[in-house]
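Some notes on the structure that comes next.
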Amino acid sequence: MDKAQAKQQIDELTGNLKEHNYRYYVLSEPTISDLEFDRLLKQLEYLETQFPELAHADSPTHVVGGSVINEFETVKHRRRMLSLGNTYNETELRDFDSRIRKAIGGEIEYVCELKIDGLAISLFYENGELVQAVTRGDGVQGDDVTANVRTIRSLNAELHGNFPDEFEIRGEIFMHRRGFEKLNRERISAGEPAYANPRNVASGSLKLKDSGEVAKRPLDITLYHLLGENLSYKTHTECIDAARSWGLKTADTTEVCRGIDEVLRFLEKWDKKRHALGFDTDGVVIKVNSLALQEELGYTAKIPRWAIAYKFQTESATTRLLEITYQVGRTGAITPVAELEPVFLIGTTVKRASLHNANEIERLDVRVGDMVFVEKGGEIIPKITGVDFSQRTEKSTPTKYASVCPECGTALIRHEGEAQHYCPNEDGCAPQVIGKIEHFVARKALNIDSIGSEMAKTLYSKGLVKDIADLYSITAEDLLKLERMGEKSAQNIIDGIQQSKNVPFERVLFGMGIRHIGETVAKKLALSLGSIENIMQANKENLLGIDEIGDVIAESLVTYFAEPKHKALVERLKEAGLKMQAPIKALPQAGNSLSGLTFVISGVFSEMNRDEAKDLIEAHGGKCSGSVSSKTDYLLAGEGMGPAKMEKAAQLGIKIISEDDLMVMISESNSITQPAQPSEPSKPSQTSLF
């Protein structure tokens, strides 16, 4: 594979994985299984290993999927909430164990916990009272859902016993099958459609604005990870036992396993027993029990090295394919959906399954009327894995893929080399226009948090917004004509729209929703070309001269701005007052003040996050490492730095500095040879972050 081919595949995989992350964590509407997601992720990891210079700065291999729901206050996590690496077989588990034993030496004591299929949550207690509950979000920041979490009956808002003055504890909010089935019976009786599965209901419930409605949902919680300063516990199990003694609900199926063979026996036992549980579980989390060893093993950019999630194999069922329907996404991509005769599978009734694209339909030779094999990949997303040809009738006819858009009737197109069909009517097809509005107002784009998904649909359906530029023409009077729209809500929307005019150019460019133009590419274009005029006038050759811009992206930009309607859209956005050029200022040139020095970063900082600290060090010639060694020159210590790194730095005589010391080193030319006296390091704490 040459570099151009690798770049195209990396760009496509990165975009697809980001979309799947968004669907899973934000919309609670995943379209592929965990297993398929992990296969795509491993494919991307392999390509990035072969071509590291082509990896996106915000690659899904480095960041936690997900985002923040606009309806709630955004809260920055005090400690990042990381994901876990996944495995589906014994060989990879033994490899995980071998890596740990090689790093630590000797047999390892593990903790095995059932992985509940729910929504991750982080709780903060002060003086024994719950003061804040925050969702995972994107791992760096999440939604403050305290009022909704307080309605969960199994959660103790006030504790008893010898608890710390302040601590954080993380867990999973979920719904038991019995409560889920009762809720569905009530909905069906009321003439409302049934919910798909318990996980989606649990996730959706926390996003409701009315906590009174949340209280009606049979939500439950299990807590599994304690964090805080000056905790005296030496193992994970000691932490959980302590939390239980304070009145917090923890799992009663957790076991300590000595060595990987005991872990495998635990997996075998629960692979059989899990179906007797009253809730859904899709695997087991395996953690090193010793907190000191956890700290020594550390983390990658995305996952802890001391924990892994084992996913159970899926189960299958057979049912009849009644119909194939087609859905339209924001980019115009068409997804075929199998409408099935309802079948019960791993705790829920399955009625629909994704067929992905025309190639998959042709590969399976699936036809309406067939008896098909259905699996729940990762026990969440149903998928068709095959056809029972022995039950196919003589009247069966091959599936003819849709030729026109199911929403607007436009003839579909299929780009060379792509599996997906597209509706080209991007400015007149309702799902595409609404999707573009949702994308434009999202946090990482224009951040108009007063407009959510439902409001975007309403604005479009009522004729107030037909494209993103129309947002800047609506008035409070227009909004007050909408059903159930109050003056305060209307003014919040108008204020949010006005504030979006201060968003930097790179985010405006990203928010325009041009195909293949993600956050990283938008930033590259803004910094390289400076203004929307320069981007619009650039030809393919000009664009290919920009670092990380390949044929696919260049072609997409040239094609987009060749359309007069898109040029007109840009003019309207400019007239509305949006920023259409990068700031004209001389950015401070990175110097060499840290050249030849290696830093290890640990803890939480007041003026910057870890990524910003890393960028700052590297911009001034320094290097960053994930672990303390004899090659380390400085340990940059923030709040909550782990004791293991501090002890190792002390043993090796490595200087421990604060973020203020770092700034002095950068600004003063003589600070490399005579660094400022380091500040007293923060007190150690347990800093496991997921």
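See the values below:
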item	result
Net charge contributed by nearby residues that have their C-beta within less than 13 Å of Leu159 (K/R +1, D/E -1)	-3
Net charge of neighbours whose Cβ lies under 10 Å from the Cβ of Thr222, counting Lys and Arg as +1 and Asp and Glu as -1	-3
Most to least packed among 560-571, 229-240 [average Cβ atoms within 10 Å]	229-240, 560-571
Amide H contacts under 5 Å for Val337, placed H, 5+ residues apart	Thr325, Tyr326, Gln327, Leu355
The stretch 472-487 - phi-based ³J(HN,Hα) in whole Hz, Karplus 6.51/-1.76/1.60, Gly and Pro as x	8, 10, 6, 10, 4, 5, 4, 5, 5, 7, 6, 5, 6, 9, x, 4
For the stretch 505-576, convex hull volume per residue from C-alpha positions, Å³	76 Å³
Calculated FRET efficiency for the pair Asp144/Leu569, C-beta based, R₀ 30 Å, to 0.05	0.30
Volume per residue of the C-alpha convex hull in the stretch 100-185, rounded to whole Å³	185 Å³
Proximal aspartates and glutamates relative to Lys76, as straight alpha-carbon distance under 12 Å, when same-chain residues fewer than 8 apart are discounted	Asp138, Asp143, Asp144
Length released on extending from Lys462 to Phe373, taking residue separation times 0.36 nm less the Cα-Cα span	27.8 nm
Lysine pairs meeting the criterion (Cα under 19 Å, 8 or more apart or interchain), as found in the stretch 430-502	10
From phi via Karplus (6.51, -1.76, 1.60), per-residue ³J(HN,Hα) for the stretch 196-209 in Hz, x at Gly/Pro	6, 7, x, 4, 5, 5, 4, 5, x, 4, 5, 8, 6, 6
Any cysteine of the chain lacking a neighbouring Cys Cβ under 4.7 Å - listed by number	Cys112, Cys239, Cys257, Cys624
Amide H contacts under 5 Å for Gly137, placed H, 5+ residues apart	Asp143
Taking all pairs of distinct alpha-carbon atoms in the chain, Kirkwood radius in angstrom	27.6 Å
Distant-in-sequence amide H partners of Gly386 (H built 1.01 Å from N, under 5 Å)	Phe373
In Hz, Karplus ³J(HN,Hα) per residue of the stretch 248-265 (6.51, -1.76, 1.60; θ = phi - 60°; x = Gly, Pro)	8, 7, 10, 5, 9, 9, 5, 9, 8, 10, 9, x, 5, 5, 5, 4, 5, 5
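Coordinate-derived values only; no laboratory data. Everything numeric in this text was worked out from a predicted model, so none of it was measured. Cβ: placed from backbone, ideal geometry, glycine included. Neighbour counts: every protein chain shown.
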